[in-house]
1. Where does the Debye-calculated log10 I(q)/I(0) of the range A:218-364 sit at q = 0.09, 0.14, 0.19 Å⁻¹, using only Cα point scatterers of equal weight, no solvent?
2. Just to confirm the filter: which trypsin sites (Lys or Arg not before Pro) across the range B:96-204 are DSSP coil and have at most 16 other Cβ within 10 angstrom of their Cβ?
3. Rank C:A109, A:I195, A:H341 by how far each Cα sits towards the positive end of the charge dipole of the protein assembly as shown (+1 on Lys, Arg Cβ; -1 on Asp, Glu Cβ) and give me just the farthest.
4. Computed from the mean reciprocal separation of all distinct C-alpha pairs, what Kirkwood hydrodynamic radius does chain A have, in Å?
5. Points 7 angstrom from Cα along the Cβ direction at B:D54 and A:W439: gap in nanometres?
6. Kindly list the residues of the range B:11-31 that lie in the label zone of A:I739, defined by a backbone N under 19 Å from the point 7 Å along the Cα-to-C-beta vector.
7. Please work out the Cα convex hull volume for the range B:278-360 and give it in Å³ per residue.
8. May I ask you to sort A:S342, B:S379, A:S522 by Cβ crowding, counting other Cβ atoms within 10 Å and putting the fewest first?
Amino acid sequence: MAEPATRSAPVPLYSWAAVGLPLGLFAWLCSFVPEVSAGESRHWEVQWLPQHDIALSFFVDGLSLLFALLITGIGTLIFLYAAEYMRGAPHIGRFTVFLTAFMLSMLGIVLSEDLITLFIAWELTGVTSFLLIGYRHEDATSRRSAWQALMVTGAGGLAMLAGFVLLGEAAGTYSLREILADRGALAADHRYHWILALVLAGAFTKSAQFPFHFWLPNAMAAPTPVSAYLHSATMVKAGVFLLARMAPVLGGTEAWTATLVTVGAITTVHSAVVALTRRDLKQVLAYTTVMALGACVLFLGVPTQTIEGDVSAAAAAAMCLVLVHALYKAALFMAAGAIEHSTGTRDLRLLGGIGKRMRWISAGIVLACLSMAGLPPTIGFVGKEALYSSASAAPSGTVALVAIFLASALIGTVALVLAGPLLWGRLTEAAARAKPAPWQLWCGPAILGAAGIVAGLAAGPTFGALVLPAAASVGELPEHFVPSLWHGLGPALLLSMATWGLAALVFWKRRAVARVVSSSLSIIPLTGDSAYDKVMHGIAASALGLTAVLQSGVHRRYVATVFASLALVLATTLVVRDAIHVPELVPEASFFEWMLGGLIAASALTVIFTRSRLLAIGSIGVVGTAASLIFLLFGAPDVAMAQLMVETLVVVIVAIVLLRLPSFHYEIRQNRFRRFRDAVVATAVGAATSLVVLAVITDPPQRSLTEYFERTAVPGGHGRNIVNVILVEFRALDTLGEITVLFLAGSAVCALIQRRSRYRRLGSLVAAGKASATATDPELSQR
Amino acid sequence: MNALLMSPVILPLATGVLGLALRPYRRGQQVVSLLAAAAHLAVAGALLSAVWRDGIQADQMGGWPAPYGITLVADHLSAAMVMITAIMLLATVIYACCDVVEDSLVKDIHPHLQVLAGAVCGAFLAGDLFNLYVWFEVMLVASLALLIAGARKEQLDGAVKYAALSLVATTLFLAGIGLLYGLTGTLNMADLHVRVQDVENTGLVTAVAVVFIVAFGIKAAVFPLFFWLPASYHTPKVAVSAIFAGLLTKVGVYALIRLFTLVFTLDVGYTHTILLWIAALTMLTGVLGAASHNDLRRILSFHIVSQIGYMILGLALYTPLALLGAVFYVVHHIIVKANLFFIAGALRRLVGADDLRHLGGVYRERPLLALLFFVPAFSLAGFPPLSGFWAKLFVIKASLQAGQHLVAGVALFVGLLTMYSMTKIWVNGVWKARPESTPVPDEVRRPLRAALLGPIVALACLTLTIGLVVEPFYALAERAGHELTNPDVYVEAVLGRGGEDVPVAEALPAQAGLQ
Amino acid sequence: MDTIIALLVGVLMGASVYLMLRRNLVRFVLGVALISHAANLLLFISGGLVGADPPLIQVGADLPGEGVSNALPQALILTAIVISFSVFAFLMALAFRAYESLETVDPDAMRAAEPPRGWKSQAAERTAGTA
């Protein structure tokens, strides 16, 4: 975790310039607030691949605006923070480029109007975050974390792609506005459950839902500006965004509700509990992120369309939670980074009393923790009230209520754990060394902390401008959902009070609780992280095992597999497709023809079984000669001549080479089983071939091509030997290729043989033998 | 006679044969090779634009009418393949100027590269089955000569396996031609399309089709016939590996696509189901092989196998979108895969290793190389908006549309493993610090470095272009896919007038008098 | 006779497959020689054994007489013979060179281009040298 040593280096100009981009975008997006809160939306489109209805198309509605403002607004502070934080670090240029690209692709997700564009932006956030998390690329942990994040979110992304394609098929378009306009139609489609499962896989992995949560805490390996950004406004929020975006079309069904509520509840409680056991500041924060995401998922799962008004408050609550969480989490992360920056540690136990040294940072932490704990007058309080009131009103809200109550209490405890020792604890050694942070580092936490209070005090306008328009994109706009700091003494407030009480209780007994939790968690044999390792290891091991079997390096096994496949598939086809036609059992043939056939077969078998090289060579020659006799018998003297000549050359070459190779007596005989197996393969191939050939020749030959050649040879080709005319006229291109092959092979043989020192003489002989038919020159017999 | 169809074949072939015959000085060999490759690119471009403008081009060699003479045909698929071959040839020749410096090897490799490209173009343009066979053989011998250039132990070993299995493939191909000729009495592929429909014993046609699946399957390196590829592709010079990786297996894929859209379309339910299984298993076994290796070129070799599976999947689904996807995949794959081999070579030259165990420090020391690796590697892994994403999207969309959910799932899972394997290289090779045991290589001089990196930059830009400006490439693939699903267009372009036999009196070539 | 040739094609095919599976590269090469005969014979009978006269046109005539054999397969075989011979010669040279270089003709022992045999030794090889 070594931070850059050269603090004296100036901040490069482009780091400053990079701040301008999110700032400008933020300002530009702010200009949409009035019209969007009035229920309108904006749309831009550039055609990309019209044949597939894929366009670079973007739109701004309430939901995308809320997220886009968070991305750019917090982005501005992050870029500012990063400029100072990364000063003097290596590769700042690359880092800035990646961070900018990451922000833009994140904006791409929330602004996309086209499913495929959305997916592309989605994957781009994966790749850019991979590059960012792996910033400390020479550190093995960083590399592993980056890779893990990419693999987990990438796997989800691929599932999501399939889901999107199916969704596009079902809806007939990739345009989100068109899909959203047709609310509820998809639930009736027979592919609905597939689409749902696949899209949820994408969202859950991205938003680190249980059991895919493990990559997020590991992603802490990134430099603090990146983790602050990743955890607050971006990346993990992409999954929540996607769920919110898809809720109108995919939501409202039992499957949707059951999955989201279950997964969200488990994630919330599980991560809140784990957070208590961690000592590393960033780890604690990471688990609270997972917890908040779980809560968002949970609330998006609560039905939004069954009962009017009240119920869709769940959507508003979820959107509010997104806002609250983004504000406090970014603040806390930046503060944690600043503390580490000046003390060199993130261990909570070593940071007691740091608040006495770093005042602005501490102010930011206090404000953020207030919002986190849901204390008035922060927006966090308003948000939690909204959660409670909507959960208690929802038809199946009991699970949600219990989960949210437990999680809120635990998160309150975490807020106390964070704020307490840091601010009021005994001054530790490390904390005493701390120097005040530069303004770029504290302004982020301070501004965001303050924003939490301001938004809380002005709850009405905040909801009116940001939260409610966003919720309106998710479900029906809540009619009588009036957020304010003071609801009166209702059940929500009572629940809030109970939450604080429980939080204080747990904080008081936190050591005991942590002990119980760690010991009970250690009962679970498999954590997500170790499961990931097991899967990765399993893939590697099975890849190795399978490849070692298939690509064994044993040449004969390759050949055997090829021939066995041929025999199998050919025989199967012949039988299945009923293609076997055997003309007659005993063929009509003269005695001489029988003899010829028998001679060839016997010679072929001799080549197999003989242990004498000379006999083998001779038998090869006999096969060739007998074949040329067949050609001669049936009207092909040219072929016969060529065959005879070539056969002579073959025998000569084989003889020359074979006598230089080890005798057959040294060859390794395979055992009986192997020979039997090979014989089976060989027989199968031979039999299948014969059957096919027999079937083919039962049909009378079609001679239309030959008839044309016969007619045209004299007038067109000016030749009387039809075979020759075919070779040099009708199929001259083949002959050209054939000569090329001959020439290439000749030159390659020369290259193979001549380029050796020891056997130079023999090589020239073989080359000469190949090049001309006069291979039997006197030199050979001398050797 | 239309020189446009002939010249992409003859030009490199003549250059190569002359180069072999004359064996001039090294510099001369390189210059001639470069000039010829540039000219080849121009010719291929002209052919592609002619096809784009006027549709399928067919040319009867020697003026003998089809189906009697040999026809060269360029539809959109062929023209695109010829174009990409020309690009590959030029890139490889430039790269070889740095990669291959030994005198004896220069004289061997440059001419054979030309011959190989000529034969590959011949295979892409052949309208006659036996002619296709001849080009396969030219290709085989040229590639063997390239494979053994240098004659190191592992090259010879790889060459034995490559030669043995390729030989089985070409022999089966020849046998298949014989069987098909026996059934139909013709060799012209357009004519085969017509005549196969008249064969009474349809089961026999299917059996012959199966022989072709095996023959071309070996060439295309599909499961379970791919063994020669991972055994040999990592052994020769990098330039050679790269052009092999780009082109050779794709000729097999092309031949499968051609025959199984033009000739063997009568029993699609059977033959294409076999292809579907082959595709799924090829994808899976290939990517697992890649995941099991550390050597960059071995990893990449197995990835070739895996991606051949995607292409075969496109063919097996046999819908317009699927065939389009297959064509798009082929084009994308050739560019990306050859480039990755180039990069593996560049890593060895500039960083000192191409094995993950010894590789490192690229990100810190050679940021440009890291970036150049990033583009094709992440494209191969299917990240948007690079070319691989579109290729994957089309194939997966096609399989989902065809209701083949299981295969789509396999394709996606393989996509994940591909991602795993490519990012593994990034994580363990590019990011990791240079291991101390890895020696620092000699500095490569500037002009040579340009020859080394120039093709890589160009191909990476091409990958980016296909990804970002996908529409024209899609349009080309769409036309190719359309022609493949409507073979009548092809048949009519070759045979004229809907494929009826031309009366002999008319068929007498007008130029017969010239002789 | 065509039935006999069809059977011969199968016999030659089978014999060459068996040869190709021996632990001796020489037998493999001999198998290649046999399999090309099989392919040539197959091409030959695919055109039908229609006549015993060579496909020649007598001087003065425009057409060949009755009973000439099918010319096209013969032309194809001629091309195929030359090609398969070229490839065969190359293969022989390759086998010889491989023997010199690898000092064996046992294909099982030829694995210079491939990782060691068995997954255990492969696993060891893959992890060797990694930190």
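1. One equal scatterer on each Cα of the range A:218-364 leads to -0.33, -0.70, -1.07.
2. Values: sites: B:K107, B:R152, B:K153, B:K161, B:R195; in loops: B:R152.
Answer by residue number: B:R152.
3. With unit charges placed on the Cβ atoms, the residue in question is A:H341.
4. Numbers: mean 1/r = 0.0310 Å⁻¹.
Over chain A, the inverse of the mean reciprocal pair distance is 32.3 Å.
5. It is 7.3 nm.
6. Residues B:11-23 fall inside that zone.
7. Details: hull volume 5.5 nm³, N = 83.
Enclosed volume per residue, from the Cα hull, is 67 Å³.
8. Details: A:S342 20, B:S379 30, A:S522 9.
Sorted ascending by nearby Cβ count, the order is A:S522, A:S342, B:S379.
Laboratory data are not the source of any read-out in this text; all were calculated from the coordinates shown. Remember, predicted model here, so these are calculated numbers, not experimental data. Note that each Cβ is placed from the backbone with ideal geometry, even for glycine, and that neighbours are counted across all protein chains shown.
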